[in-house]
1. With (1) farther than 24 Å from B:Phe248 by Cα; (2) at pLDDT 80 or above; (3) open to solvent by 80 Å² or more (accessible area, probe 1.4 Å); (4) within 9 Å of chain B (Cβ to nearest Cβ) as the list, and A:Tyr107 as the residue in question, which single condition is left unmet?
2. Taking the condition open to solvent by less than 10 Å² (accessible area, probe 1.4 Å), in contact (Cβ under 8 Å) with a residue 12 or more places away in the chain and either in a helix (DSSP H, G or I) or within 30 Å of A:Gly49 (Cβ to Cβ) (or both), does B:Ala157 pass?
3. Suppose we filter B:Ser229, B:Ser199 for residues that are away from chain A (no Cβ under 14 Å), over 19 Å from A:Val22 (Cβ atoms), of a type in the set (Ser, Thr, Tyr) and open to solvent by 20 Å² or more (accessible area, probe 1.4 Å); which single one remains?
4. Look at the stretch A:1-15 and say how many of its residues are of a type in the set (Ser, Thr, Tyr) and either more than 7 Å from chain B (Cβ to nearest Cβ) or loosely packed, with under 12 Cβ neighbours inside 10 Å (or both).
5. Please specify each residue of the stretch B:154-174 satisfying the condition of being more than 9 Å from chain A (Cβ to nearest Cβ) and out of contact with any Lys or Arg (no Cβ under 8 Å at 6 or more places or on another chain).
6. Quick one: what pairs do we get from the stretch A:43-66, first residue without any contact (Cβ under 8 Å) to a residue 40 or more places away in the chain, second open to solvent by 60 Å² or more (accessible area, probe 1.4 Å) and part of a loop (DSSP other than H, G, I, E, B), C-beta under 7 Å, 6+ apart or different chains?
7. Does A:Ala40 count as at the interface with chain B (Cβ under 7 Å from one of its Cβ atoms) and at pLDDT 85 or above?
8. Tally the residues that are open to solvent by less than 50 Å² (accessible area, probe 1.4 Å) and closer than 18 Å to B:Gly110 by Cβ, restricting the search to the stretch B:316-350.
Amino acid sequence: MTTWFPVALMTAFAALVVGLMVTINAIVGPRSRDPVKGEAFECGNPPSGSAWRRFSVHFYLTAILFLVFDVEVVFLYPWAVTIRQLGATGLVEAGIFIVLMLAGLIYALRRGMLDWS
Amino acid sequence: MLIDLIISAIKAIFVVLLVLNLSAVLLWFERKGSALIQDRIGANRAGLFGIGRRLGLPNLGIINTFIADPLKIFTKEDFVPDRADKFLYTLAPFLALFPVLISFAPIPFGDRLIVGSHQIELVVCPLTAGILYILAALGLGVYGAALGGWASNNRWALLGSVRASAQLISYELTMGLSIIAVVMVYGTLDLQEICRAQSGTWFGWLPKWGIVYQPLGFLLLLVAGIAESRRIPFDLPEGESELVAGYFTEYSGGKQAAFMLADFAEIVLVSALISTLFFGGWQVPYLQSDGFHLPGGTWLPLSNPVVALLGFVAFGIKVVFFCWLQILIRWTLPRFRYDQLMTLGWKGLLPLGLVNLMVTAVAIVAVGGSV
């Protein structure tokens, strides 16, 4: 409890400062609405429509690949802390894990998952 | 008990304010520094009732950056585009800056300071899983960029935000991998312990800093860190010549300031991480808890407050140095193409990070844990 008290306090203080920063304009700023001002900014051209539509599937693939690898990286942290106690056995086991991870990466690269040209 | 709570409250508030102010100083430095690099004059207009001019002082744009601009920014209209999602539009800048600020909690800014019977650890919170906490908080930063562009309902902004998300998550892997290798060397996730382990010297003169064990890890963390703070050469999410301003195209006033400060606070965070993991954090070469022990065998005794202050100053100097380096890089290099960025992240840095990890692991196991 006492360990996390400073973190809780820092979180509260940071939330207060940042919260004030993003809302202060609504409190002290002037107000003037205008239909042209409210349009999406596209360098002065008339807006080309809503942005809430489909976009390249590549970004989803990158996100999925990231999820897989990030979980694997987090799995490596406990091993990294205890590497001296686990010794050669741990090294071999983690090695197999990393080789599997690399195989996954090579598979994804061969399937053109990361070709952006 | 109460006094301990007050001390930790002071430390927490001090660190948040320090980071925000350092970010503002970096903004000023970026303005005047870039002007110097590009042979321009830079901000030099605003003054306070002409006092500086009457005294004959050069106008360094300090009043521009620290008084005039904040006043202007925070009294602007609260602008939300008509088609935007109003709640997420306000939440996004909050989610960009807030996680960066709280991720400074486990980073030590000095050794322990002894006041009377109190031992004050100069760190907001000595978490035993400090590195995981930082990575978790940094991961939240993606939401700021992703939501900012999406909530604006602007096509440029959306492009910027999907680019930013893909870039941030790609380079987060490299960041995680390069930090794992350091964790292996020191066998702990507690940043204060990592700092303590970097005291002393080899051969009587070479400081025992992490850079000597992990030179490749340092480079990987530096590159991934610059990519995480979305600056040139990795500023594709903002790319002003392509996307206006990327995911914060539609933002103005305090919300835009939050995005901007988030970028600078991330520079500070990356610098603090690099200094802590690879350059001894608050360690001063040859300084131990009772004074300087110079290579020649000379001993210069110092009291505890002086040692603690020297440590804090040393940490500050290291952090400011790496901030300066990142700003210099930003004004030296051109921007990558998007495919180059992704190729570098997935086909260059990620395999290098894995190789670095394996070599470190094999070396540690081979010498039987005596490193």
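The values are calculated or read from the model by the stated rules, or taken from the named source; none is laboratory data. Predicted, not measured: the structure shown is a model, and the values here were computed from it. Don't worry about glycine lacking a Cβ; one is built from the backbone with ideal geometry, like all the others, and counts go over all protein chains shown. SASA here: full protein model, heavy atoms, side chains in, ligands and nucleic acids out. Shrake-Rupley method; radii C 1.70, N 1.55, O 1.52, S 1.80 Å.
1. Failed condition: (4).
2. yes
3. B:Ser199
4. The total comes to 2.
5. Residues satisfying the conditions are B:Gly160, B:Ser161, B:Tyr171, B:Thr174.
6. A:Pro47/A:Glu39; A:Ser50/B:Arg83
7. Here the answer is no, as A:Ala40 does not meet what is asked.
8. 4
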